[in-house]
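Step one of this worksheet: look at the structure below.
The values are calculated or read from the model by the stated rules, or taken from the named source; none is laboratory data. These numbers were taken from a predicted model, which means no experiment stands behind them. So basically every Cβ, Gly included, is an ideal-geometry build from the backbone, and we count neighbours across all protein chains shown.
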Amino acid sequence: MSAGAARYDAVVFDLLTALLDSWKLWNDVAGSEEAGMRWRRKYLEITYGCGAYRSYASLVEEAAVAAGHPASLAQDLVARWQELEPWPEVPAVLAELGKRVPLGVATNCSAVLGAQAALRTGGAFKAVITAEVAGFYKPRAEPYRAVLAALGTSPARTLFVAGSASDVPGAQGVGMPVFWHNRIGLAPVGSTNPEFSARSLAPLLDIVH
């Protein structure tokens, strides 16, 4: 690699945890942090075992009932979707990274909600791939491969910024190096280790030249 050359040709982000504080919204809708976390854990369990795409709203509703909450929480979450807020450093990090390399998103939700959530970050993305678009939920390989195809970059030269623990082995499974933005201190999945890990996105500016 010549002096000054980019280490990566593109950066792809998980949207709803790496860039946005979706935890807060789920907790607010559920009524407490404990209730929100219980609901979210059920949702992640159902989604990661889902594979082929089923309606995002139906999975959220199924998780609410499984967690002992009213099914109506799913509608409430979607109704308040525009309340999603980026982590504090996100606008500045995306603005700077966008000057260096193309940016993309791979996220587990519907096409409509994915587009709305991407706008909440203030970033300019070359590709926004949702589970609905890819036909499968992460950590299946299809969403990661779909965003790579949309960006036209190779896995080894495309850094994936994970928010959830399962995104680490998911992205690595298709050959992508991973920066885990482990904001809330989640436990890793199995023995998989990301190439980089931090509780802030700020270190990305030193990694992506």
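Here is how the numbers come out for the structure above:
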item: Failed item, numbered, when residue 109 is tested on (1) in contact with a Ser or Thr (Cβ under 7 Å, 6 or more places away or on another chain); (2) hydrophobic (A, V, I, L, M, F, W, C); (3) in a helix (DSSP H, G or I); result: (3)
item: Residues being outside any loop (DSSP other than H, G, I, E, B), surrounded by fewer than 23 Cβ atoms within 10 Å (Cβ to Cβ) and in contact (Cβ under 8 Å) with a residue 24 or more places away in the chain - total across the range 135-155; result: 6
item: Residue in the range 34-42 that is surrounded by 18 or more Cβ atoms within 10 Å (Cβ to Cβ), touching a residue at least 12 places away in the same chain (Cβ under 8 Å), closer than 22 Å to residue 141 by Cβ and among the small types (Gly, Ala, Ser) present; result: no
item: Flag for residue 131 being under 16 Å from residue 57 (Cβ atoms), modelled with pLDDT of 95 or more and surrounded by 21 or more Cβ atoms within 10 Å (Cβ to Cβ); result: yes
item: Tally, over the range 166-207, of residues that are touching a Leu at 6+ places or on another chain (Cβ under 8 Å) and modelled with pLDDT under 95; result: 1
item: Hits in the range 78-112 - residues which are crowded, with 22+ Cβ neighbours inside 10 Å, more than 16 Å from residue 204 (Cα to Cα) and in contact with a Phe, Trp or Tyr (Cβ under 7 Å, 6 or more places away or on another chain); result: 106, 108, 109
item: Those residues of the range 165-186 which are out of contact with any strand residue (DSSP E or B) (no Cβ under 7 Å at 6 or more places or on another chain), touching a residue at least 40 places away in the same chain (Cβ under 8 Å) and over 10 Å from residue 139 (Cα atoms), in sequence order; result: 183, 184
item: Test: residue 16 is under 17 Å from residue 132 (Cβ atoms) and not small (Gly, Ala, Ser); result: yes
item: Selected residue (only one of 205, 159 is among the hydrophobic types (A, V, I, L, M, F, W, C), farther than 22 Å from residue 40 by Cβ and surrounded by fewer than 20 Cβ atoms within 10 Å (Cβ to Cβ)); result: 205
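Conditions (1) assigned to a loop (DSSP other than H, G, I, E, B); (2) out of contact with any Asp or Glu (no Cβ under 9 Å at 6 or more places or on another chain), marked per residue:
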{"residue": "7", "(1), (2)": "yes, yes"}
{"residue": "16", "(1), (2)": "yes, yes"}
{"residue": "36", "(1), (2)": "no, no"}
{"residue": "42", "(1), (2)": "no, no"}
{"residue": "57", "(1), (2)": "no, yes"}
{"residue": "65", "(1), (2)": "no, yes"}
{"residue": "76", "(1), (2)": "no, yes"}
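So that you can scan it fast, the table gives a plain yes or no per residue for (1) without any contact (Cβ under 8 Å) to a residue 40 or more places away in the chain; (2) hydrophobic (A, V, I, L, M, F, W, C); (3) not assigned by TED's automatic domain parsing to the domain that holds residue 44:
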position: 60; (1), (2), (3): yes, yes, no
position: 69; (1), (2), (3): yes, no, no
position: 96; (1), (2), (3): no, no, yes
position: 103; (1), (2), (3): no, yes, yes
position: 106; (1), (2), (3): no, yes, yes
position: 111; (1), (2), (3): yes, yes, yes
position: 115; (1), (2), (3): yes, yes, yes
position: 126; (1), (2), (3): no, no, yes
